[in-house]
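Read the structure below first, then the notes.
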Amino acid sequence: MDIEANAQPNINFNNYINEDVIVKTYHAEIRGQLVGIKEKEVIILQKNVGEVYIPSKEIKSIRTLKIKTDSDVKKDTSNIPKELWVPKPPTCWRYFFTPTSISSDETEIQYINNTIVYNAVQFSFAKYFSISGGIALGSIHIHPRINYSYNKYFHAGVGYMYYLGGRDDFFNGIRGTLTVGNNLNNISLTAGTGKQDFDKKGYLYAVSGQISVDNSFGFIFELINRKNEDDNHFQNSNYLVVGWRLCFRRMQIKPVYIRNTATGEKKSNQYFMFTLERAF
């Protein structure tokens, strides 16, 4: 319940210390954690802004936000801002095939399943380093990555993909990625070099992106070019990937359409795949 005040609010701010609150002033509504009280002002900590100092005489009302469980939210969301209870998507580590260089602000574990046959677990250490490992079509893969964020919109990363055993068309090598945007809306450029068919040179280039309507729904695309050495010349394979992502709590599903055209082939290969991602 709001505690209303007129010219000078009669509010005991000590009741709200270290609580997540909504503070209504005569000019704005401020959300954050109440972390300090001074003689004539209170201090609200906002995640992306820092400390905000609000004169006490400007405060009309204050209320506490407490969300304990999903069932509590379902019972009463009338006084809770939508952005606090809509699904929070997992970190956008990758689109479908290609990676981003966006980092998680906290330790995060993701389970990834790609069309049943590919299973992996990705673990991020704090903000800059992540490693994934899994099994795909009888092949064991390891993929360590280092990501760096210049600010909240510009990110860079480099990683190494290594496959052990399995099919002979997997791409083993180093990949670098530049990403512009945030976790919901972004675009990435990827370039890589390494070994194709385990002993032949290969190169990989990609432009990928994600456009989100909100936290729970968005679109993804990838344009991928692979150059594979074949009898002293390089053969091109071009991939078009388009699809969307659906987020339910901390789980994402990405169904996509894929079109693959190789040099010298008149007919393209077309198929559908999906990825399931679950963050913990």
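Just so it is clear, none of the values below were taken in a lab; they were calculated from the coordinates. None of the values given here were measured: they were computed from a predicted structure. Because the Cβ atoms are built from the backbone with ideal geometry, glycine has one as well, and the counts that use them run over all protein chains shown.
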request  = Using only the Cα atoms of the range 93-141, construct the convex hull and provide its projected area averaged over every direction, in square nanometres to one decimal.
outcome  = 3.3 nm²
request  = Count charges around Gly243 for me, please; just the other residues with Cβ under 11 Å from its Cβ, Lys/Arg as +1, Asp/Glu as -1.
outcome  = +1
request  = From the P(r) of the range 108-279, can you give the percent of Cα pairs sitting at distances over 30 Å?
outcome  = 15 percent
query = Across the range 108-279, how many lysine pairs, 8 or more apart or on two chains, come within less than 27 Å at their alpha-carbon atoms?
reply = 16
message = For a quick check: sort Trp93, Trp244 by the number of other beta carbons within 10 angstrom, fewest at the front.
response = Trp244, Trp93
